[in-house]
Amino acid sequence: MASGTPTRTTCPYCGVGCGVLATPQEDGSVAIKGDEQHPANYGRLCSKGSALGETLSLDDRLLYPEVDGRRAAWDEALDLVARRFSETIIEHGPESVAIYGSGQLLTEDYYVANKLMKGFIGAANIDTNSRLCMASSVAGHIRAFGSDTVPGTYEDLEEADLVVLVGSNMTWCHPVLFQRLLAARERRGTKIVVVDPRRTVTAEAADLHLAIAPNSDVALFLGLFDHLDRMGLGDSAYVDGHTSGLAEALGAARECGFPGALSATRLPAEQLREFYTLWSRSERVVTAYSQGVNQSVVGTDKVNAIINCHLFTGRIGRPGMGPFSLTGQPNAMGGREVGGLANMLAAHLDINSPSHRELVQAFWGSPGIAERPGLKAVDLFRAVGDGQVKAIWIMGTNPADSLPDADAVQDALRSCPFVVVSDVTRTDTTRHAHVLLPAAGWAEKSGTVTNSERRISRQRSFLKAPGEARPDWRIICDVAARMGFAEAFDYRSPAEIFREHAALSGIANDGTRDFDIGACAELSESAYDMLAPFQWPRRQGQALDDATTRFFAEGGFYTPDRRGRFVSTPVALQAVSPEFPLILNTGRIRDQWHTMTRTAKTPRLMSHYAESFCEIHPEDAEEAGIAPATLMRIVSPQGAVVVRALVTERQQKGSVFVPMHWTDQQTAQGRIGAAVHPSVDPISGQPGLKLSGVRIEPFDAAWYGFAVLRNRPEVIAADYWALARAEGGWRIELAGAEPVEDWAAYAADLVGSGENLETLSYSDQDQASFRLATFSGDALLGALFIAPRPVAVSRTWAVEHLSAKEIRGTERLRLLSGRPGADQADPGPIVCACFSVGANQIAAAVENGAETVDEVGQSLRAGTNCGSCRVEIRRLIDAAALKKAV
Ligand code: SF4
């Protein structure tokens, strides 16, 4: 792509699926803008999307194939993969091999991977990290609708009178969609209710926050179902005409009723009543839900408990109404469409149906077809561990960190006879690979993705793949050809794969299946190139730019009797043991994505939270002897981690929250997946990533440290460390369990030493406190601050010194003190990552008269791009007002 020409593509992060304009610049950088024509975002991007251009560097990129840790030619690597997979199949059968994919794969990649495994290898051991994200929604949809259908669209969130967000921190996890919702609230007074045990930033922005007890969502919605029935709000025409199974499901709801919901959720009765009244009185209700619902051992029941209420009132498939699953990943939906989960077939066909299997096998012309569902993610890695699966190919994901009981996953990979990883970068998973295959990254590959509202968009390449990296679909087809299936995998372009996928969706469909993009079956290469975002279904003969589609307003479900099914959902509560009395909840934070393989590359995105943390209620912290900002250990039967204590009343007593993102690449002892219990929802197979029993204890630190460094250290000698990129270098938090004898020697190892360097240092008599700054010429090489307690240093200010060309005289002494002088600006911790605005700057703007978030935005630009930090700005304004009042 010529520099200066924008390419229309799609953001690779969350399921909102924002359109992006990427413009390569002459200096090699890439300018990123939101695509005003894309119907998901109309030009907006969040902090992660806006920073995409900063994540394209080649550091840590895999550029060449590797076999057993040495560089190899593509032919050698591909031959080996094909040979080892074929031999394993011959010796141990098709179920002895597996593929583990990712919602980061494009639909075309997913399609050929699924075709290879289910059609040509003949087993269904292909699963994906989407299992961790929304499998419970898939299972709930299939139970209620007979198909994995998201009935509504994003417009529904804008046309609703009431939007209930269940287990969704939408402000941070689907930021652009949340901004659309807030804009709609401004226009039409939409009420927003957040159901979440934590007081998240989304909860703070809501009209009503229901801080339910963990995992009590089913009881909440059973109580609502019962309430709707008592109020006579059932839509009998809809229920009689289009549904089945009401009596049993309603029986369970009546059994629970208001008292059951009250006792399970532990909400104040008034609040519960207020919610039920609000839901009852609002004809246009959208109940949107995300990981807080799905990542539970009763996730599928939670989904059905929500759907029951919508079916009962007929509030589904009409503008502003319906249950709405928000997917985490950019192409979780595309993976579902091609059957990239172990319990699905391609094109939303049913792997348990002989006629569906026959249809797919005939279409593919394959020698056989998987006759039963394969192993779902957690079971799949268990099977790797116990030797049932002897060869696994992991594509574009990092299960060594992201799966529950992550240490056991690492052990399983270590013991597996043959591990292939195709990825863009090195991760904790690639360490275990016998063969590493360099895959093309976001900017380099072409295909399609589907967002949460069933909208298919093109991802287009705008950079040449570096080194010898290749697109995933190409790698998979090359292996398939070497396994003897060349004819069936002889694709020349992603467009060709997409056409086949579209054709399969339309075969023998005639409206009997939800997923149908038969209209794309004859798309030419140029039409594929130009393809504008469209929503499915688009059946043969239908125009792609047809109006918005919704499902089920007039029934027409995909069950055998075409009726939507009520599902009876029992109340399930979270039990904790005396040994592990707290509930560990894991989740995402605003500026990070998955295991940080991309987002950790940009200092801007590392400035909001530069290390992992544990949100903990003050009473729990006090009881455990954990002081704010100290380090704490979280222990479960599976493993232990060490993270920073963030003591806050936003966290409910009895639960703790830790972000899912940090890995061994960025921190010591901080992989939270290692402490997560591997129990799963029995229907969906989705792990309960938010509900592990743990205990907490202080980390007994003899010393704490903070350092800013121009160069990345090769070794960090500390029991605890967290390393993050900063403008001009790196920043590290440190701590040790044992005293250090010689801080000067320690600093020389970490910061660097040499005759041409100038070093200033200070230590108190017993060496409990130590500070050092080393300069190379006029510029800072590094500074280290050590104290017996968490180090009090203005971190953003200290980091700024890494980019300063000249630091001299008193400025050097000030740096050593760790605090700016009264005449110097200290931005404080970064709040707005889009414009790098810190808390101290916002406080100063408030001091100077800014009273609203918009006024802060006018003075500093903070909160005026993606808006994800607006609640945090509001918090600072309120805190300043409170301070003034006191
Ligand atoms: S909301 Fe942000 S992360 Fe999600 S698709 Fe849009 S720009 Fe990307």
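Checking the structure you have, find out if any residue of the stretch 326-343 is more than 16 Å from the ligand (Cβ to nearest atom), open to solvent by 10 Å² or more (accessible area, probe 1.4 Å) and in contact (Cβ under 8 Å) with a residue 24 or more places away in the chain.
There is at least one residue in the stretch 326-343 that is more than 16 Å from the ligand (Cβ to nearest atom), open to solvent by 10 Å² or more (accessible area, probe 1.4 Å) and in contact (Cβ under 8 Å) with a residue 24 or more places away in the chain.
Where in the stretch 162-218 are there strands (runs of 3 or more DSSP E), lying fully within it, with 1 or more residues that are among the small types (Gly, Ala, Ser), within 16 Å of the ligand (Cβ to nearest atom) and surrounded by 23 or more Cβ atoms within 10 Å (Cβ to Cβ)?
none
Being open to solvent by 10 Å² or more (accessible area, probe 1.4 Å), away from the ligand (no atom under 16 Å from the Cβ), assigned to a strand (DSSP E or B) and not hydrophobic (A, V, I, L, M, F, W, C) narrows it down to one residue among ARG650, ARG550, ARG633; which is it? Full working, then the answer.
Details: ARG650 fails: assigned to a strand (DSSP E or B); ARG550 fails: assigned to a strand (DSSP E or B).
None of the other options fit; the residue is ARG633.
Surrounded by 24 or more Cβ atoms within 10 Å (Cβ to Cβ), farther than 30 Å from VAL658 by Cβ and either modelled with pLDDT under 95 or charged (D, E, K, R) (or both) - does that describe any residue in the stretch 91-111?
Within the stretch 91-111, one or more residues are surrounded by 24 or more Cβ atoms within 10 Å (Cβ to Cβ), farther than 30 Å from VAL658 by Cβ and either modelled with pLDDT under 95 or charged (D, E, K, R) (or both).
Of the residues in the stretch 143-161, how many are assigned to a helix (DSSP H, G or I) and either farther than 22 Å from LEU375 by Cβ or open to solvent by less than 10 Å² (accessible area, probe 1.4 Å) (or both)?
Matching residues across the stretch 143-161 total 8.
Determine whether ALA543 is in contact (Cβ under 8 Å) with a residue 60 or more places away in the chain and in a loop (DSSP other than H, G, I, E, B). Explain how you work it out, then say what you get.
Working: in contact (Cβ under 8 Å) with a residue 60 or more places away in the chain: no; in a loop (DSSP other than H, G, I, E, B): yes.
No; evaluated as a whole, the condition is false for this residue.
Kindly indicate whether GLY53 is within 15 Å of the ligand (Cβ to nearest atom), touching a Ser or Thr at 6+ places or on another chain (Cβ under 8 Å) and in a loop (DSSP other than H, G, I, E, B).
No; evaluated as a whole, the condition is false for this residue.
Suppose we filter VAL384, VAL378 for residues that are within 30 Å of THR667 (Cβ to Cβ), assigned to a helix (DSSP H, G or I) and under 20 Å from the mean Cα position of the chain (by Cα); which single one remains?
VAL378
Sort through LEU78, LEU63 and tell me the only one that's at pLDDT 95 or above, over 15 Å from PRO330 (Cα atoms), more than 15 Å from the ligand (Cβ to nearest atom) and part of a loop (DSSP other than H, G, I, E, B).
It is LEU63.
Based on what the data block shows, is GLY119 surrounded by 19 or more Cβ atoms within 10 Å (Cβ to Cβ), farther than 22 Å from ASN451 by Cα, in contact (Cβ under 8 Å) with a residue 40 or more places away in the chain and of a type in the set (Gly, Ala, Ser)?
Criteria met by GLY119.
Taking the condition of being closer than 23 Å to GLY189 by Cα and open to solvent by less than 10 Å² (accessible area, probe 1.4 Å), how many residues in the stretch 267-308 meet it?
Adding up the residues that qualify gives 9.
If GLY53 meets every condition in (1) open to solvent by 50 Å² or more (accessible area, probe 1.4 Å); (2) farther than 27 Å from THR548 by Cβ apart from one, which number is that one?
Evaluating GLY53 over (1) open to solvent by 50 Å² or more (accessible area, probe 1.4 Å); (2) farther than 27 Å from THR548 by Cβ leaves (1) as the failure.
Does PRO739 meet the test of being surrounded by fewer than 22 Cβ atoms within 10 Å (Cβ to Cβ), at pLDDT 95 or above and assigned to a loop (DSSP other than H, G, I, E, B)?
no
Test LEU106 against the stated conditions and say whether it is within 31 Å of the chain's Cα centre (by Cα), more than 16 Å from the ligand (Cβ to nearest atom) and among the aliphatic types (A, V, I, L, M).
Numbers: within 31 Å of the chain's Cα centre (by Cα): yes; more than 16 Å from the ligand (Cβ to nearest atom): no; among the aliphatic types (A, V, I, L, M): yes.
Against the criterion (within 31 Å of the chain's Cα centre (by Cα), more than 16 Å from the ligand (Cβ to nearest atom) and among the aliphatic types (A, V, I, L, M)), LEU106 does not qualify.
Tally time: how many residues in the stretch 1-43 are touching a helix residue (DSSP H, G or I) at 6+ places or on another chain (Cβ under 8 Å), in a loop (DSSP other than H, G, I, E, B) and within 9 Å of the ligand (Cβ to nearest atom)?
Qualifying residue count for the region: 9.
Is at least one residue of the stretch 666-685 outside any loop (DSSP other than H, G, I, E, B), over 28 Å from the mean Cα position of the chain (by Cα), at pLDDT 95 or above and not β-branched (Val, Ile, Thr)?
No, because not a single residue in the stretch 666-685 is outside any loop (DSSP other than H, G, I, E, B), over 28 Å from the mean Cα position of the chain (by Cα), at pLDDT 95 or above and not β-branched (Val, Ile, Thr).
In this structure, is SER446 touching a residue at least 24 places away in the same chain (Cβ under 8 Å) and under 30 Å from GLY322 (Cα atoms)?
no
Is there any pair linking a residue in the stretch 771-799 that is modelled with pLDDT of 95 or more and among the aromatic types (Phe, Trp, Tyr) to one that is surrounded by fewer than 19 Cβ atoms within 10 Å (Cβ to Cβ) and not in a loop (DSSP other than H, G, I, E, B), with Cβ under 6 Å and at least six apart or on different chains, and which?
Note: pairs meeting the criteria are PHE775/GLU758.
Mind listing whichever residues of the stretch 554-567 are out of contact with any strand residue (DSSP E or B) (no Cβ under 9 Å at 6 or more places or on another chain) and crowded, with 16+ Cβ neighbours inside 10 Å?
Once the filter is applied, which keeps residues that are out of contact with any strand residue (DSSP E or B) (no Cβ under 9 Å at 6 or more places or on another chain) and crowded, with 16+ Cβ neighbours inside 10 Å, the stretch 554-567 yields TYR558, VAL567.
I'm trying to understand the selection: among the residues of the stretch 344-354, which are buried (at least 22 other Cβ atoms within 10 Å of the Cβ) and outside any helix (DSSP H, G or I)? Break it down stepwise before answering.
In the first step, residues of the stretch 344-354 are kept if they are buried (at least 22 other Cβ atoms within 10 Å of the Cβ); the result is 344-349, 351.
Answer for the stretch 344-354, where residues must be buried (at least 22 other Cβ atoms within 10 Å of the Cβ) and outside any helix (DSSP H, G or I): MET344, LEU345, LEU349, ILE351.
Which one is most open to solvent (accessible area, probe 1.4 Å) among residues in the stretch 506-547 that are at negative phi and of a type in the set (Asp, Glu)?
Only one residue fits best here, namely GLU522.
Could you figure out which of (1) open to solvent by 10 Å² or more (accessible area, probe 1.4 Å); (2) out of contact with any Lys or Arg (no Cβ under 7 Å at 6 or more places or on another chain) isn't true of GLY140?
For GLY140, the exception is condition (1).
What are the residue pairs meeting all of these: first residue in the stretch 601-621, first residue part of a strand (DSSP E or B), second residue of a type in the set (Ser, Thr, Tyr), Cβ atoms under 9 Å, and 6 or more apart or on different chains?
Partner pairs satisfying both residue conditions: GLU615/THR648; GLU615/SER655; ILE616/THR648; ILE616/SER655.
Which of the residues belonging to the stretch 858-870 are more than 16 Å from the ligand (Cβ to nearest atom) and either under 18 Å from HIS608 (Cα atoms) or among the acidic types (Asp, Glu) (or both)?
LEU860, ARG861, ALA862 - these are the residues of the stretch 858-870 that are more than 16 Å from the ligand (Cβ to nearest atom) and either under 18 Å from HIS608 (Cα atoms) or among the acidic types (Asp, Glu) (or both).
Take the residues in the stretch 572-583 that are outside any strand (DSSP E or B) and modelled with pLDDT of 85 or more, then tell me which one is nearest to ALA213 (Cα to Cα).
The extreme case among them is PRO581.
What are the residues in the stretch 355-370 that are open to solvent by 50 Å² or more (accessible area, probe 1.4 Å) and either more than 14 Å from LYS118 (Cα to Cα) or in contact (Cβ under 8 Å) with a residue 60 or more places away in the chain (or both), if any?
Matches in the stretch 355-370: SER355, GLN361, PHE363, GLY365, PRO367.
Do we find that LEU860 is surrounded by 14 or more Cβ atoms within 10 Å (Cβ to Cβ) and over 20 Å from THR200 (Cβ atoms) in this structure?
Numbers: surrounded by 14 or more Cβ atoms within 10 Å (Cβ to Cβ): yes; over 20 Å from THR200 (Cβ atoms): yes.
Yes, satisfied.
Name, by its number, the condition in (1) touching a Gly at 6+ places or on another chain (Cβ under 6 Å); (2) open to solvent by 60 Å² or more (accessible area, probe 1.4 Å) that does not hold for VAL715.
Evaluating VAL715 over (1) touching a Gly at 6+ places or on another chain (Cβ under 6 Å); (2) open to solvent by 60 Å² or more (accessible area, probe 1.4 Å) leaves (1) as the failure.
The values are calculated or read from the model by the stated rules, or taken from the named source; none is laboratory data. Every value quoted in this text rests on a predicted model; they were computed, and no experiment measured them. When we count neighbours, we look across all protein chains shown, and the Cβ atoms used for this are built from the backbone with ideal geometry, even at glycine. Side chains are part of the model used for accessible areas, which takes the heavy atoms of the whole protein and leaves out ligands, DNA and RNA. Shrake-Rupley method; radii C 1.70, N 1.55, O 1.52, S 1.80 Å.
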